[in-house]
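The block underneath contains the structure these notes are about, expressed in C-alpha cells.
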Amino acid sequence: MDHEVGLFCRELPKVELHAHLNGSVSYQTIEKLIRRKPHLNIEHSMTAIGKGQRRTLEECFQVFKVIHQLVDTEEDILMVATDVIREFAEDGVKYLELRSTPREEKNTGLTKKRYVETIIKAIQQCKNEGVDIDVRFLVAIDRRNGPEAAMETVKLAEEFLLSSDGLVVGLDLSGDPKVGHGKDLLPALQRGRNSGLKLSLHLSEVPSQLEESDLLLNLPPDRIGHGTFLHPEMGGSQSLVDKVLKNNIPLELCLTSNVKGQTVPSYSKHHFKYWYQLGHPSVICTDDKGVFCTDLSHEYQLVASTFGLSREALWNLSQQAIDCIFAPETVKQQLKWRWTDLKHHIFTVTKDALNK
Ligand SMILES: CC(C)=CCNc1ncnc2c1ncn2[C@@H]1O[C@H](COP(=O)(O)O)[C@@H](O)[C@H]1O
Ligand SMILES: [Zn+2]
C-alpha cells in the first residue's frame with residue numbers, strides 16, 4: 001500500500017509554490033560546488049539536515065550562510081538554478097515558483113541585478129532545452145536586512161516585472177522570523193503590491209507574532225508561507241483565522257521543514273490537518289528540498305501516510321494548487337487541461353506497475 005502511494009505521488013503532476021533557491025540545492029550540486037571551492041573546507045554535513053535529525057531555527061539559518069559561501073558567483077547561480085529546475089521537473093513538478101534573495105558579493109563582482117538576471121537566464125535555458133516545467137520567479141526580501149534594502153528589492157522586482165516576459169511575478173518575504181518587525185516592511189510591500197507584484201509572505205512561522213501577522217494580513221498577501229501559529233490551538237487567534245478565510249488566502253505548507261526545524265512537534269500535529277478540515281486552499285510545498293533532504297513527491301507521500309489521504313484526495317490536492325499560482329489565468333487553464341489529460345494514465349499506470 002505504501003509503495004503504491006509512493007509511486008502514485010511520484011507520477012502525480014505537481015505544482016511547487018514555495019521553494020527557496022539556495023535551500024533547494026541537491027547533494028549532487030553541493031558536491032560540484034565543494035569541488036569548485038575546496039579552500040572553504042565545507043563538508044556535506046554542514047549543508048543539509050538528514051533523516052530523523054532536528055535542528056533549532058537558529059541552526060537552520062546557519063546552514064544557509066554556509067550555502068551562500070558556496071554560491072557566490074554568476075556561474076554558481078546559473079548552475080544551481082538550472083540543476084534545481086531540472087530536479088523539480090524530474091520529480092513531476094509541472095509548474096514551479098522559485099524564490100531567492102538577490103545578493104551582492106563584493107569579492108566576485110556580483111550585483112543584485114545580475115543575480116536576478118542570472119536566474120532568469122537559467123529559467124530560459126531550461127525552457128530552450130525543452131525541460132517539461134513552467135517556471136516563474138519571486139524576488140525575495142530578507143527581513144533581516146531592514147526597510148531600505150526591502151524597498152531596493154521591490155524596485156528591482158518592479159523593473160523585472162516589466163522586462164522579464166512574465167517570468168517575475170511577485171515578492172516573497174522571508175528570512176529569520178525572529179529578526180526585525182514586519183511593520184517596518186509594510187511600505188515596501190504595499191508599494192510592490194500597487195505595482196502589480198503578487199505577495200507571498202512568511203507569516204506566523206514562530207509563536208507570539210500575533211500583532212505582526214495581523215498587520216501583514218491587512219495588506220492582504222496573495223499567499224501565506226507556513227502560517228504555523230495562526231490558529232487558536234497554536235496560540236494564534238480566531239480573528240487571524242477569520243482574516244485568512246475571509247480573503248481566501250492560500251497557505252503554503254511544508255511538513256518536513258517544520259518538523260526538522262522544530263516549529264511543529266510531529267507530522268501528525270502539523271497544521272495541515274486544521275486547514276484541510278476547513279476546506280481552505282492548502283498547497284503542499286518543500287521550502288528547502290536540499291537542506292531538508294526531501295522532494296515534493298515525498299511531501300505528498302507524508303501527507304498521505306500521516307492523514308490517510310486517498311489517491312483521489314491527493315490528486316485533488318495537487319490540482320487545486322493550480323488555482324493558487326501567480327501566473328495569469330491562461331496558464332492556469334493550460335495546467336488544468338494538462339492535469340485532465342494525465343489523470344486516467346496515472347491512475348492506471350500506478351495500479352499496473354503493482355500488479356506486475
Ligand atoms: C530555518 C528553517 C526551519 C527554515 C525554513 N523556513 C524559512 N523561513 C524563513 N526564511 C527562509 C526559510 N527557508 C529559507 N529561507 C530564506 O531563504 C534563504 C535561502 O535561499 P535564497 O538565498 O533566498 O535563495 C535564507 O537565507 C532565508 O532568507
Ligand atoms: Zn520558506
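Key figures for this structure:
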read-out	value
Kyte-Doolittle at least -1.0, axis length at least 20 Å by Cα - qualifying DSSP helices, the chain	57-70, 74-90, 112-128, 146-163, 329-355
DSSP-defined beta bridges in the stretch 2-355 - what % are antiparallel, rounded to 5	5 percent
Lys121 paired with Thr330, simple spin-label distance in nm, labels 7 Å along Cα-to-beta-carbon	2.8 nm
Mean Cβ count within 10 Å, highest first, over the residues of peptides 90-101, 142-153, 26-37	90-101, 142-153, 26-37
Where Rh is the Kirkwood radius over Cα pairs, Rg/Rh for the chain	0.94
Cα-based shape type of the stretch 206-345, given that a ≥ b ≥ c are square roots of the gyration tensor eigenvalues and the cut on a/c is 1.5	oblate
Shape call, the stretch 33-99: gyration tensor on alpha carbons, a/c limit 1.5	oblate
Counted charge near Glu4, where neighbours are those whose Cβ lies closer than 12 Å (Asp, Glu -1; Lys, Arg +1)	0
Peptides ranked, highest mean first, by Cβ atoms within 10 Å: ranges 282-293, 321-332, 297-308, 38-49	282-293, 297-308, 321-332, 38-49
Area accessible to solvent at Asp2, 1.4 Å probe radius, in Å²	120 Å²
Fully extended contour minus Cα-Cα distance, from Arg55 to Gln320, at 0.36 nm per residue	92.2 nm
Amide proton proximity set for Asp134, modelled H, under 5 Å, gap of 5+	Tyr95, Leu96
Radius 14 Å from Cβ of Leu342, net charge of other residues (Lys, Arg +1; Asp, Glu -1)	+4
Modelled FRET efficiency - R0 22 Å, Glu233 with Phe307, Cβ distances, 0.05 increments	0.85
Virtual spin-label span in nm between Lys106 and Ser268, 7 Å along Cα→Cβ	5.3 nm
FRET efficiency estimate (nearest 0.05) - Cβ-Cβ, Arg144 to Tyr27, R0 35 angstrom	0.80
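The values are calculated or read from the model by the stated rules, or taken from the named source; none is laboratory data. Since the structure is predicted, the reported quantities are computational estimates derived from the model, not experimental observations. Neighbour counts run over all protein chains shown; Cβ positions are idealised from the backbone, glycine included. Please note that ligands, DNA and RNA were not included when accessible areas were found on the heavy atoms of the full protein model with its side chains. Shrake-Rupley method; radii C 1.70, N 1.55, O 1.52, S 1.80 Å.
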